Amino acid sequence: MQRGFLRAVLSTLLLVGFFVMTIVNVWQSNRIEKNLINLLNRIEAVEKALENNDFGAISGHGRTRGGIFGVSEPATVTAAMSDPKNVFSRDNANWLPSDAKQGGTLNLKMGSDPKGFNWLIENGADVSEIQAYVHVQLGNYHLKDVTQYKGELAYHWEISEDKRTHTLKLRSDFFWHKPTVDWASGRYDWLEGPHPVTAHDVVFMLDLMTNDQVAGAAPLRSYFDELESYEALDDHTFRIRFSTPKYMQKVMVMGLYPLPQFLYANDEVGEAYEPEVIGKRFEDHWYNPMGLGAGPYILSRYEPGVAVELKRNPKFPLGGNAMDKILYSILKDQNQPPRKLRTGELHLSSLQPAQYRAEVLEGDEDSPFKNGQLQGGEFWSYNYFYIAWNADQPYFADKRARQAMSHAFNAQLLIDDVFLGLGERCTGPMPTVQPYYDRSLDPYSFDLEKAKILLEEAGWTDSDGDGIRDKLIDGDLVAFDFNFIVFGSSNEYKTIGNIYKEDLAKIGIKMNVSPMEWANLLKKVDAREFDAVTLAWISGPPVDFRQIWHSSQADLPKGSNRVGFRNAEADRIIEALELEFDEAKRKALSHEFHKLLYDEQPYTFFYTRKSTVFWQRELKNVWFQLTRPHVNTRPFYLEG
Amino acid sequence: MSQPLLPDVAPPQDQTFGDIVWLQFKKNRVAYFSLWGLGALFVLATTAPLVALGRPFIWNIGEGFSSPWLTGIFDRNYFENPVDIFFNMLLVMVLPITAIAYARHRHILRLSLDKRPRRAKVLKELRIGAGLIFVCFVAILVNPHAEPYTQYADIAEARAEAGEDVSAFFPPVKYMFRKTGFKSLSRPSATHWLGVDESTRDVAVRILYGTRISLTIGIIAVAIYMTIGIILGALAGFYAGKVDIIIQRLIEIVMSIPALIIILVLVAFLEKPSIFHIMLVIGLVRWTGVARLVRGEFYRLRGQDFVTSAIALGYPPQRIIFGHILPNAMGPVLVAATFGVAGAILLESTLSFLGLGDLSAPSWGQTLSEGYSSGAWHLILAPGFAIFITVSLLNLVGEGLRDALDPKMRK
């Protein structure tokens, strides 16, 4: 009995022992196999690196090529610079001074999660900023002169006599970055190899942009209405032709960029898409969470909610990339940046007005913002804030009602008191820093009596004595009781709403401030399901009013003329301006347009904001671009 | 055989369960005073327009006397929130209510009833009174009063300066919570005791009026989820079996989704989130705890003799559930409710803090949020302290109630 029991226990233990050993065995052999595969992959990678002679890039140290040191210019490029027909000219301003130090990691912040890095379909400011580092375009403005152009990917740009044909010669020393994929898995071997950037890639980009299936490219597409043809004459020559010449075409052609055909034309296993579906497939392409470029930095990592990491592209032929790495921490909390500036976790950040007040205006004398530990500066970007009135709603169909709204808006108080004077009152559809801005127009005064008179003229009276103005529209008595959409996560916008609401109540208008989350807000505004909304526009140096003000854009789904502004005179000026190449005449037309909008008040134009930026002392050669992204850190370098 | 001498004692008092609990509760001094504190908050909330309102009690600019104060507190253009209208109505009705209550009190005393029937009568009258107040409130809501938004203080000042005839008697503070135009983000001073917020409004007045919002949100949200929780919990506990299984699974489903996420999603769909939506939403996600509590109590009580005899007497189920078992199960539920009010107030502050509240209501969470993003300490301290006080008072009362209901804690 006793012995039988013991034996049973022993044999059970033995069985369990065997079982455990088997499991351990299987697990171990699995692990060894995996390690072996990894090792083989690494050896292969090292071999390839040796073959391509970029071992330095892999190890992170070693010798540097390209960059500011040893930038060599091909003879063709040098020759092209002296060609009088070339629109491009040599930019004597350099990104970096000759004594700049190489290396280091620059810590920046990003306020939101980018939805993806497909340059063509993502238009957010955050993605555009990354694009400026990761990608190149055909040409660009001179660093310190927005009236001159310099070559980037292209080095020679010829415009025909009739201004319809643009021929560009592309440099042959640009290569696409290596895509960020799981190379070890072997599934992406078809992406392997150096891929030069060619004219076919630019053609591919235009193919996609003109493809109606690519909805995300709609804003850009509206600039290419007169596109007649485009083609790659050879691997490095590109020609584009328009049916009628327009001023903005110059800027748009300069802003063209290639898209990697070897990547976007294929699905995840390397099979080419059918031409009929390529647009649709491109919109939700498997590589869209990442982005590929040929620029000074490589997009090497993106962790949503955590960080975007850019690595230096050692082979970039134009140089101007001193940092080894640029790390964008994603800080959705607006209050984090000043704290991280104090602790040195961020190298540079802009400050919101409230933060500027707390840290600089009311900060302690020995705070890093004042004692010299942090350096400060400011720049004017091409922006203007506004309140948009949906003219398709009964309240704002009459221009007198809109003018009344402008008179009831206490803009100067908001700028001086709430926004701390970090801005300038704006009276028309362009930033006050824009050279064509007409300074002869006085901003609408804050005058409630005048507003009341205008409202009476527009037919808004308080006929039923309930304190709210109303008007008989199509047999219905409509009360002036509307919704004002503001961005809910920002107290600045809510403050605009709160103060405006009180002033409007005094003239018998009821405004409901409805705070909304960003995605929801954009959806409402795009669908035109709003009465009024306060937002801002950012633009570039050349004036162009078609996107926002032309009547053809008013009925376009997702178009930017969200307020339904349809005015024949405005259309005439917009069209005339597009065809005008003479600067003086352009200025006159712009002033005319400015006056028209000043009178119509489709928006209540609010102000152009000045941005304040602070950075660590170790960051050198800090200056801001004239064009977007204003805080482009390519001139900066880290000392020590 | 000698007998022990019995001392003369009064016959034992007829003590109801409520009496015992109340006596126990009163022994806990902290909880007792907290209850008074809550009462004081309620009085403060109700009387806010007596302290701060932009309309004079009496107004005469040579066109006869009028009282903009009285019309203003029912004005839907001036007070956009029904919560304010309700409290204003209470304020106006304080005198008549006291008079009627006093008269009824005298009347009932004169009937010289015994304790229990008297109490039943008082309860019945209270119910009728509450019903009447509610009917008045609905009548005002359905038939809103509205008049032009007039700046009486400015007019009075302008007329006085021009030497014109004006007689006005204002409340001590001549504006209310929505008045803008002070220096943005001013620090606390003699004129603005708690400073000014980013939207150029006086913080002290906003905190004062915010008491109304917080108390209402707490009470109504809890009332909603108590109702849902009690009904579902009672059904599950009484019928057991399949009903229980279905309701239990429902509870688990609702519990498995974080409340804040549901609320954020629901609020995102609303065009104009008003505080009633927020109350409703809080009410709809928080009932699960109560339902479980009630279900447990019902399980405990279901087998007891008084229930068995009620069943034997052939009473209908609703009478057994609501008339017999529920009153015996209410103790723990009441405790949960007190804590729940505190929780709801905190949740509303969270929502406002996240920028999804009702901008027309002077909620504490909104001021707090402005303080957080602007870094102004006075905008953080004042509402933070108000929330702290209210939530602490509620929690202390809840704790006292819990101890008073627990027979083991009785001394």
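Here are some notes:
- Relative contact order (%) - criterion: Cα under 8 Å, at least six apart; region: chain A: 17 percent
- Heavy-atom accessible surface of the range B:349-405: percent carbon and sulfur, 1.4 Å: 73 percent
- Taken across both chains, chains B and A shield about 3000 Å² of accessible surface from a 1.4 Å probe.
- Net charge of Cβ neighbours under 13 Å - reference A:Gln434; Lys, Arg +1; Asp, Glu -1: 0
- Using alpha-carbon coordinates, inclination of helix B:203-239 to the longest axis of chain B, degrees: 30 degrees
- Listed by chain and number, the lysines whose alpha-carbon sits under 20 Å from that of A:Lys48, ignoring those within fewer than 8 places in the same chain, are A:Lys178, A:Lys311, A:Lys315.
- Centroid-to-centroid separation of the range A:237-266 and the range B:156-192 [C-alpha atoms, Å]: 62 Å
- GNM result for chain B, Cα springs below 10 Å: residue of B:Ala342, B:Ala52, B:Ala146 fluctuating most strongly: B:Ala146
- Under 5 Å from the amide H of A:Lys109 lie the amide H atoms of A:Ser329, each residue being 5 or more positions distant or on a separate chain, with H modelled from the backbone and absent for Pro and chain starts.
- Here chain A has 52 percent of its accessible surface on carbon and sulfur atoms, given a 1.4 Å probe and all protein chains in place.
- The GluC sites (Glu not before Pro) found in the range A:324-427 that occupy coil by DSSP, while having at most 10 further C-beta atoms within 10 Å, are A:Glu365.
- Solvent exposure ordering (accessible area, 1.4 Å, most first) of A:Asp526, A:Asp416: A:Asp416, A:Asp526
- Nearest-0.05 FRET efficiency for A:Asn123 and A:Ser89, computed from C-beta distance (R0 30 Å): 0.50
- Residues whose placed amide H lies under 5 Å from that of A:Phe175, excluding near-sequence neighbours: A:Val197
- Accessible area (Å², 1.4 Å probe, nearest 10) - A:Arg528: 50 Å²
- Helix A:448-457 and the longest principal axis of the Cα set of chain A meet at an angle near 70°.
- Unit charges on C-beta of K, R, D, E only; dipole of chain A, Debye: 2000 debye
- For B:Glu63, the accessible surface of its heavy atoms amounts to roughly 150 Å² (probe 1.4 Å, protein chains only, rounded to the nearest 10).
- D (Stokes-Einstein, µm²/s), Kirkwood Cα radius, the range B:195-253, 1.002 mPa s at 20 °C: 148 µm²/s
- Accessible area per residue for the protein assembly as shown, computed on protein heavy atoms with a 1.4 Å probe, is 47 Å².
- Nearest-ten-degree value, helix B:115-142 long axis tilted from longest Cα axis of chain B: 30 degrees
- A Förster radius of 35 Å combined with the Cβ-Cβ distance from B:Arg104 to B:Gln304 puts the calculated FRET efficiency at roughly 0.40.
- Ordered by solvent-accessible area of protein heavy atoms (1.4 Å probe), largest first, the residues A:Thr244, A:Thr237, A:Thr608 come out as A:Thr244, A:Thr237, A:Thr608.
- Cα gyration tensor shape for the range B:129-225, rounded if a/c is under 1.5, else prolate or oblate: oblate
- Whole-number percent relative contact order across the range B:203-409, with pairs defined as alpha carbons under 8 Å at least 6 apart: 29 percent
- The range B:317-370 and the range A:569-633 have their alpha-carbon centroids 51 Å apart.
- Loop-located GluC sites (Glu not before Pro) across the range B:224-321 with a Cβ neighbour count of 16 or fewer within 10 Å are B:Glu271, with loop assigned by DSSP.
- The protein assembly as shown shape via C-alpha gyration tensor axes, a/c threshold 1.5: oblate
- Shape call, chain B: gyration tensor on alpha carbons, a/c limit 1.5: prolate
- Restriction of the chymotrypsin sites (Phe, Trp or Tyr not before Pro) in the range B:58-121 to DSSP coil positions whose beta-carbon has at most 12 other beta-carbons within 10 angstrom yields B:Phe65.
- Amide H contacts under 5 Å for B:His145: B:Arg76, restricted to partners 5 or more places along the chain or on a different chain, H placed in the peptide plane at 1.01 Å from N.
- Long pairs among B:Lys179/B:Lys272; A:Lys169/A:Lys250; A:Lys494/A:Lys595; A:Lys115/A:Lys280, criterion Cα-Cα beyond 24 Å: A:Lys494/A:Lys595
- The apolar share of the surface of the range B:51-169, taken as the fraction of accessible area on carbon and sulfur atoms (1.4 Å probe, ligands and nucleic acids excluded), comes to 66 percent.
- Average Cα contact separation per residue, the range A:451-609, under 8 Å, 6 or more apart, as relative contact order %: 14 percent
- For the set A:Thr604, A:Thr180, solvent exposure ranked by accessible area (probe 1.4 Å, protein chains only) runs largest to smallest as A:Thr180, A:Thr604.
The values are calculated or read from the model by the stated rules, or taken from the named source; none is laboratory data. Quantities reported herein were computed from a predicted structural model and do not represent experimental measurements. Please note: Cβ atoms are built from the backbone with ideal geometry, for glycine as well, and neighbour counts cover all protein chains shown. Ligands, DNA and RNA are excluded from the accessible area calculation, which covers all protein heavy atoms including side chains. Shrake-Rupley method; radii C 1.70, N 1.55, O 1.52, S 1.80 Å.
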